[in-house]
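> Please find one structure pasted underneath; my questions will follow.
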Amino acid sequence: FAWNQATTATQEIYFSFPITIDNCNLPYITFDTYNPILRWARQVLLSKQFSVSAYTSLNCSMSLYNTKQWTIAQCDTTSQLCTRTKTLDNIINGLSSSKTAEISIPAQTLPYGSYQFNYTVYMNLKQTFLSYTTTYIEVIQSSIVVNMLPNGTSSITRGMSQNLDLEPGIWSIDPDSTSF
């Protein structure tokens, strides 16, 4: 932790070189798809399942035993503030993948909005080392699937003087909802 007497700016930094005689480095974490800035969040459809994968490089001669943990915070894109809620914590705790390197979020689990996914790896030794990193996801609305006829029929043959009723309001589908 560093600070400057002239300003109120502070900086928290984690060193990646060994800091004990145990020759253990902090875990090094990367994401398969990394979006470190809220306004450039990866967009996913509400109607689709998605996953976030992290890769961890461990360098410790004593032990490779570690604990993985995901947290999700909902973000306000105007203020750029992200807040964990009890609801989001309950969602995470209910997922079997919340303690693995890849978290899988079922379709329609998170409502529309922006989210900060935080992945933390704790090294379990005499002293606890941890590393974490975040990426951003935006859950967006799926497009309406417009069907003019039942069952997504794309062509139909009718004889002369026969009516063909097109009813997109009845046969169209909203993938984000059970009703249209």
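No value in this document is a laboratory result; all are computed from the given coordinates. Note that the structure is a prediction, hence the values are computed from the model and not measured.
> Along region 103-114, what does the Karplus equation 6.51 cos²θ - 1.76 cosθ + 1.60 (θ = phi - 60°) give for ³J(HN,Hα), rounded to whole Hz, x for Gly and Pro?
Using θ = phi - 60°, the values come out as 9, 10, 9, x, 4, 6, 7, 9, x, 3, x, 9 Hz.
> Would you compute, for the Cα atoms of region 28-110, the largest minus smallest coordinate along each principal axis and list the three values in descending order, in whole Å?
44, 27, 23
> Here's a follow-up. Once Rh is set to the Kirkwood radius over Cα pairs, what Stokes-Einstein translational diffusion coefficient, in µm²/s, holds for region 43-165 at a temperature of 20 °C and a viscosity of 1.002 mPa s? Provide the component values of the computation, followed by the final result.
Numbers: Rh = 17.8 Å.
Translational diffusion coefficient: 121 µm²/s.
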